[in-house]
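Reviewing the structure listed below.
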Amino acid sequence: MNADFAVANLEAPFTQGGTYFEKKKYRFKVPTDYADGVLRAGFDVLTLANNHILDYGYEGLYSTLNVLKRLNISSCGAGRDLESAEEGVVVQKGCWRVGFLAYSLTYPSDFWASSKKCGTAFPMNKRLRARIERMKREEADIVVVSFHWGGELMDRPKGYQRYWAHKAVEYGADLVIGHHPHVVQGFEIYNNRLIAYSLGNYVFGSYSKNVDFGMLLKVRFGYNTLSCHLIPIYVNNYKVNFQPRSVYGRGRKRIIDYLNEISMELNSGIRIINESGIIDLEMRDEP
């Protein structure tokens, strides 16, 4: 898939060592040699605000930050303290500047950064507003906010997801993208901006019969316009062996119909996805 730049959520630290976090059942880490695969896959920005990036402590996080810096892959959402964890990244293509911010609302709370310890960025109203407004005013033409949130295997967003998504848009975000539930959740148009509550899995290192498909978004921004192409992918590792593949034909139609069904609940009964899997909207500001 051709794109000016590609973004993904990195759900595990790149590290050879580190001290594992004891108060969890599932802990992930990836050998640093494998990080080159992310570069070869074409990703330019990785969000680190999630519930696994500190599975192997500060050593695992620092190792990840160093590896990504060596590969010239930008990241946001986690850092050596709260200030650095909240710091966004801006990618420029031609005359367009697109900024990214990332936050995690998932436990354990031990992973959340503070002024005195490393970790992930947890959203706080005043700080979130200041970050988005400053980025929009001084650094970027478009602001994308990523949230790690929601209940695992829940195909509907929780109330707090809608609260924070709406706040991000009210503060100036042009697109909100979510992940963590492992399954796809609905899409909402709020104040003429698009919210994708969960894209589901992409490449994930487990077998689960409960997770059949995920979603890629191909987003094109214009002057006060957004066109979002929803690309369903099969991610059931019993079938694809950790190599996601696009869905075509009747399978694709079935998924698009399902997404329209669960998205209508978020859009006053209106179908916002056309038969080609595209959402078009004018990003005009309400008076």
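No value in this document is a laboratory result; all are computed from the given coordinates. These figures come from a predicted structure and were not determined experimentally. Virtual Cβ from ideal backbone geometry, glycine too; neighbours counted across all protein chains shown.
General observations
- Label-point separation in nm, Lys209 to Ala3, each point 7 Å along Cα→Cβ: 3.2 nm
- Shown in residue order for segment 107-116 are the 3J(HN,Hα) couplings computed by the Karplus curve 6.51 cos²θ - 1.76 cosθ + 1.60 at θ = phi - 60°: 7, x, 5, 4, 7, 6, 6, 9, 5, 10 Hz (x for Gly and Pro).
- Alpha-carbon centroids, segment 212-287 and segment 160-178: separation in whole Å: 18 Å
- Violating pairs (Cα-Cα greater than 27 angstrom) within the set Lys23/Lys69; Lys93/Lys158; Lys29/Lys126; Lys24/Lys116; Lys24/Lys209; Lys116/Lys218: Lys23/Lys69; Lys93/Lys158; Lys29/Lys126; Lys116/Lys218
- Under 5 Å, built H, 5+ apart or other chain: amide partners of Phe213: Val235
- DSSP-defined beta bridges in the chain - what % are antiparallel, rounded to 5: 55 percent
- For segment 36-98, alpha-carbon Rg over 2.2 N^0.38 Å: 1.17
- Taking every C-alpha pair closer than 8 Å and separated by at least 6 residues, the mean separation divided by the residue count of segment 156-206 gives a relative contact order of 34 percent.
- For segment 225-269, backbone nitrogen atoms closer than 16 Å to the point 7 Å from Tyr26 Cα along Cα-to-C-beta are found at 235-238, 242.
- Under 20 Å from the Ile231 label point (7 Å along Cα→beta-carbon), backbone N, segment 36-55: 37-47
- Out of every Cα-Cα pair that the chain contains, those further apart than 36 angstrom amount to 10 percent.
- Annotation: amide H-H contacts under 5 Å for Ser75 (H modelled 1.01 Å from N, sequence separation of 5 or more, or interchain): Leu46.
- By definition, a body whose alpha carbon gyration tensor gives a ≥ b ≥ c is prolate when a/c is 1.5 or more and a/b is larger than b/c, and segment 1-57 fits this prolate description.
- Neighbours of Asp280 by Cβ distance under 14 Å: Lys/Arg scored +1, Asp/Glu scored -1, total +3.
- Calculated FRET efficiency for the pair Arg245/Asp141, C-beta based, R₀ 22 Å, to 0.05: 0.05
- Karplus (6.51, -1.76, 1.60) ³J(HN,Hα), θ = phi - 60°, over segment 173-189, in Hz, Gly and Pro reported as x: 5, 9, 8, 10, 10, x, 7, 2, x, 6, 10, 7, 10, x, 10, 10, 9
- Point-charge dipole on Cβ atoms (K/R +1, D/E -1) for the chain, about Cα centre, debye to 20: 380 debye
- All alpha carbon pair distances within segment 1-148 were sorted into 5 Å bins beginning at 0; the resulting P(r) in whole percents reads 2, 10, 20, 23, 20, 14, 8, 3, 1, 0.
- Residue-averaged [θ]222 nm for the chain, counting only DSSP H segments that reach four residues, each worth -39500 (n - 2.57): -7000 deg cm²/dmol
- Whole-number percent relative contact order across the chain, with pairs defined as alpha carbons under 8 Å at least 6 apart: 11 percent
- Cα extents for segment 132-287 along the principal axes, largest to smallest and rounded to whole angstrom: 49, 29, 27.
- Segment 1-148: relative contact order as a whole-number percent, Cα under 8 Å and 6+ apart: 22 percent
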